[in-house]
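A.B. asks: Here's a structure for you.
The values are calculated or read from the model by the stated rules, or taken from the named source; none is laboratory data. This is a predicted model, so every value here is computed, not measured. No Cβ is skipped: glycine too gets one built from the backbone with ideal geometry, and neighbour counts run over all protein chains shown. For the accessible areas, the whole protein counts, side chains as well, though only heavy atoms, and no ligand, DNA or RNA atoms are used. Shrake-Rupley method; radii C 1.70, N 1.55, O 1.52, S 1.80 Å.
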Amino acid sequence: MKRVLSGIKPSGDLNIGGYSGALQQYIKMQEEYESFFFIPDLHAITVPQDPKELRHRSKEIAAFYIAAGVNPKKSAVFLQSQVAAHAELGWLMETQVHFGELSRMTQFKDKSEGKDSVSSALFTYPALMAADILLYQATHVPVGEDQKQHVELTRDLATRFNNRFGETFVVPEPIIEETGCRIMSLDDPTKKMSKSNPNKSSYILMLDDAATIRKKFSRAVTDSEMSVRYDPENKPAVSNLLEVYSVFSGEEIPVIEKRYEGQGYGGFKKELAEVVIAKLEPIQKTFHEIIDSEELLTILKDGAERAAAIADETVRKAKTAMGILTF
Ligand code: AMP
Ligand code: TRP
């Protein structure tokens with residue numbers, strides 16, 4: 001049986017990078033896999049959060065899942081905090097992961113750099129992420145490129161645990177799509193598209209309106225050679241725009257290159273904006289319809305129950321294997 005688990009942190013406004021690297025894969029995968037899509041709210045609080053904002057953002061991520069096409073009848077959609085087994089297995093995994101391994105995580109280095117103080121949970125975060133995945137015996141984990149290292153660590157931990165305590169966990173595979181796994185900033189193609197960039201034109205948010213999207217793409221940096229060609233090494237900015245075009249249109253990059261052969265960037269950027277708007281508008285419409293609905297809460301409750309049934313069994317198995325008395 002193939003099982004998928006993944007999630008998007010409710011820690012900021014969702015940009016099209018998260019859609020591209022993660023969410024759009026969920027929609028495709030739920031057709032073939034038994035699916036668990038959660039909202040990692042316990043991960044979000046590894047950095048300071050305003051409680052009111054966090055409550056709202058957690059619902060927002062759930063609404064984005066549904067609006068983008070996650071089918072709650074097929075997939076369990078739930079909040080991490082509603083399934084207590086995450087915190088419990090997270091602790092057990094902390095006893096297995098080495099300090100040195102956590103020290104090598106680039107996301108921790110990036111997020112802690114230049115800060116006077118960071119929470120210890122920001123450091124141990126990958127142990128909780130491993131627990132998230134292992135609890136469901138997930139075979140596959142769709143993520144963007146930046147999460148690859150965490151999934152690799154999860155694989156190491158699962159293997160280590162199985163060797164020490166007997167076969168307990170499935171060793172999961174990351175699924176990282178070639179196109180769109182690392183959408184770059186529109187003002188600097190060497191940086192990941194991220195909400196933490198102070199330049200608001202550098203990212204497109206899932207809730208940006210059409211006029212804003214048009215403006216941001218028209219300002220996107222390109223390069224001096226005026227051809228629409230995919231060449232990440234020499235033309236990183238244009239190649240990034242081609243990846244966005246491909247993800248949002250569902251067309252292969254060579255097909256798009258051919259369409260714009262011999263043309264400059266102006267028309268390409270305009271049409272790229274329209275492709276993105278066409279995809280986002282229906283998602284935004286459904287998002288606004290469900291964000292404050294009872295239905296959304298019912299989906300989350302139901303999802304948590306389905307998730308807990310599996311997660312509780314795994315945590316019990318892990319505890320028993322480790323010699324924790326369970327009776
Ligand atoms: P986060 O919002 O950091 O929880 O990220 C949610 C998911 O989106 C993770 O699987 C990330 O790897 C992915 N992701 C975030 N930013 C990008 C980006 N700029 N390009 C592609 N994937 C991304
Ligand atoms: N760490 C992921 C991120 O920052 C979010 C996440 C937490 C996750 N637990 C997960 C993703 C389990 C996939 C599977 O984006």
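A.B. asks: For the stretch 193-217, enumerate the residues that are loosely packed, with under 15 Cβ neighbours inside 10 Å and of a type outside the set (Asp, Glu). Break it down stepwise before answering.
C.D. replies: Pass one, the stretch 193-217, residues loosely packed, with under 15 Cβ neighbours inside 10 Å: 196, 198-200, 209, 211, 215.
Within the stretch 193-217, Ser196, Pro198, Asn199, Lys200, Ala211, Lys215 qualify.
A.B. asks: Leu23 fails exactly one of the following numbered conditions: (1) open to solvent by 10 Å² or more (accessible area, probe 1.4 Å); (2) under 25 Å from Leu122 (Cβ atoms). What is the number of that condition?
C.D. replies: Result: Leu23 fails condition (1) only.
A.B. asks: Out of all the residues in the stretch 83-103, is one or more crowded, with 20+ Cβ neighbours inside 10 Å, of a type in the set (Asp, Glu) and modelled with pLDDT of 95 or more?
C.D. replies: no
A.B. asks: Report, by residue number, each residue of the stretch 222-260 that is of a type in the set (A, V, I, L, M), open to solvent by 30 Å² or more (accessible area, probe 1.4 Å) and assigned to a helix (DSSP H, G or I).
C.D. replies: Selection gives Val255 alone.
A.B. asks: Do we find that Lys74 is of a type in the set (D, E, K, R), in contact (Cβ under 8 Å) with a residue 24 or more places away in the chain and open to solvent by 50 Å² or more (accessible area, probe 1.4 Å) in this structure?
C.D. replies: Numbers: of a type in the set (D, E, K, R): yes; in contact (Cβ under 8 Å) with a residue 24 or more places away in the chain: yes; open to solvent by 50 Å² or more (accessible area, probe 1.4 Å): yes.
Yes, satisfied.
A.B. asks: Taking Phe165 as the residue in question, decide whether it is modelled with pLDDT of 95 or more, more than 14 Å from ligand 1 (Cβ to nearest atom) and open to solvent by less than 20 Å² (accessible area, probe 1.4 Å). Steps first, please.
C.D. replies: On the way: modelled with pLDDT of 95 or more: yes; more than 14 Å from ligand 1 (Cβ to nearest atom): yes; open to solvent by less than 20 Å² (accessible area, probe 1.4 Å): no.
In short, no.
A.B. asks: Among the residues of the stretch 184-203, which ones are within 12 Å of ligand 1 (Cβ to nearest atom) and either touching a Phe, Trp or Tyr at 6+ places or on another chain (Cβ under 9 Å) or over 15 Å from Pro236 (Cβ atoms) (or both)?
C.D. replies: The answer is Ser185, Leu186, Met193, Ser194, Lys195, Ser196, Asn197, Tyr203.
A.B. asks: For Ala304, indicate whether it is out of contact with any strand residue (DSSP E or B) (no Cβ under 8 Å at 6 or more places or on another chain), in the same structural domain as Tyr136 (by TED's automatic domain parsing) and either farther than 25 Å from Met206 by Cα or surrounded by 12 or more Cβ atoms within 10 Å (Cβ to Cβ) (or both). Step through it out loud before you land on a result.
C.D. replies: Working: out of contact with any strand residue (DSSP E or B) (no Cβ under 8 Å at 6 or more places or on another chain): no; in the same structural domain as Tyr136 (by TED's automatic domain parsing): yes; either farther than 25 Å from Met206 by Cα or surrounded by 12 or more Cβ atoms within 10 Å (Cβ to Cβ) (or both): yes.
Considered against the rule, which asks whether it is out of contact with any strand residue (DSSP E or B) (no Cβ under 8 Å at 6 or more places or on another chain), in the same structural domain as Tyr136 (by TED's automatic domain parsing) and either farther than 25 Å from Met206 by Cα or surrounded by 12 or more Cβ atoms within 10 Å (Cβ to Cβ) (or both), Ala304 comes out as no.
A.B. asks: Further, regarding this structure: Within the stretch 177-208, track down each residue that is in contact (Cβ under 8 Å) with a residue 60 or more places away in the chain and among the β-branched types (Val, Ile, Thr). Break it down stepwise before answering.
C.D. replies: Filtering the stretch 177-208 down to residues in contact (Cβ under 8 Å) with a residue 60 or more places away in the chain leaves 177, 179-183, 192-196, 203-208.
Passing the criteria: Thr179, Ile183, Ile204.
A.B. asks: Can you report the number of residues in the stretch 113-141 which are within 16 Å of ligand 1 (Cβ to nearest atom), touching a strand residue (DSSP E or B) at 6+ places or on another chain (Cβ under 7 Å) and open to solvent by 10 Å² or more (accessible area, probe 1.4 Å)?
C.D. replies: The qualifying residues number 1.
A.B. asks: When the residues of the stretch 215-236 are filtered to those that are of a type in the set (A, V, I, L, M, F, W, C) and within 17 Å of Glu261 (Cα to Cα), which remaining residue is farthest from the chain's Cα centre (by Cα)?
C.D. replies: Our first condition is that a residue be of a type in the set (A, V, I, L, M, F, W, C); within the stretch 215-236, this holds for 217, 220-221, 226, 228.
Next cut, within 17 Å of Glu261 (Cα to Cα) only: 226, 228.
Details: Met226: 33, Val228: 29 Å.
Among those residues, the one meeting the criterion is Met226.
A.B. asks: Here's a follow-up. Any idea how many residues of the stretch 163-199 are within 13 Å of Ile16 (Cα to Cα) and out of contact with any strand residue (DSSP E or B) (no Cβ under 9 Å at 6 or more places or on another chain)? Can you show your working first?
C.D. replies: Going residue by residue through the stretch 163-199, those that are within 13 Å of Ile16 (Cα to Cα) are 180-186, 192-195.
Next, from what is left, pick out any that are out of contact with any strand residue (DSSP E or B) (no Cβ under 9 Å at 6 or more places or on another chain): 180-181, 186.
Adding up the residues that qualify gives 3.
A.B. asks: Considering only the stretch 142-162, how many residues are without any contact (Cβ under 8 Å) to a residue 40 or more places away in the chain, more than 10 Å from ligand 1 (Cβ to nearest atom) and surrounded by 15 or more Cβ atoms within 10 Å (Cβ to Cβ)?
C.D. replies: Adding up the residues that qualify gives 4.
A.B. asks: Answer with yes or no whether Asp132 is of a type in the set (D, E, K, R) and within 15 Å of ligand 2 (Cβ to nearest atom). Write out each step before concluding.
C.D. replies: Working: of a type in the set (D, E, K, R): yes; within 15 Å of ligand 2 (Cβ to nearest atom): yes.
So Asp132 passes the test.
A.B. asks: Collect the residues in the stretch 261-271 that are in a helix (DSSP H, G or I) and open to solvent by 70 Å² or more (accessible area, probe 1.4 Å), keeping them in residue-number order.
C.D. replies: Initial filter on the stretch 261-271 (in a helix (DSSP H, G or I)): 265-271.
The answer is Lys270, Glu271.
A.B. asks: Continuing with the same structure: Restricting the first residue to the stretch 272-299 and requiring it to be open to solvent by 20 Å² or more (accessible area, probe 1.4 Å), which pairs with a second residue that is not in a helix (DSSP H, G or I) meet a Cβ separation below 7 Å and a spacing of at least six or different chains?
C.D. replies: Gln284/Leu207; Ile299/Pro72; Ile299/Val77
A.B. asks: Checking Glu167 against (1) free of Cβ contacts under 8 Å to residues at least 60 places away in the same chain; (2) part of a helix (DSSP H, G or I), which single condition isn't satisfied?
C.D. replies: Failed condition: (2).
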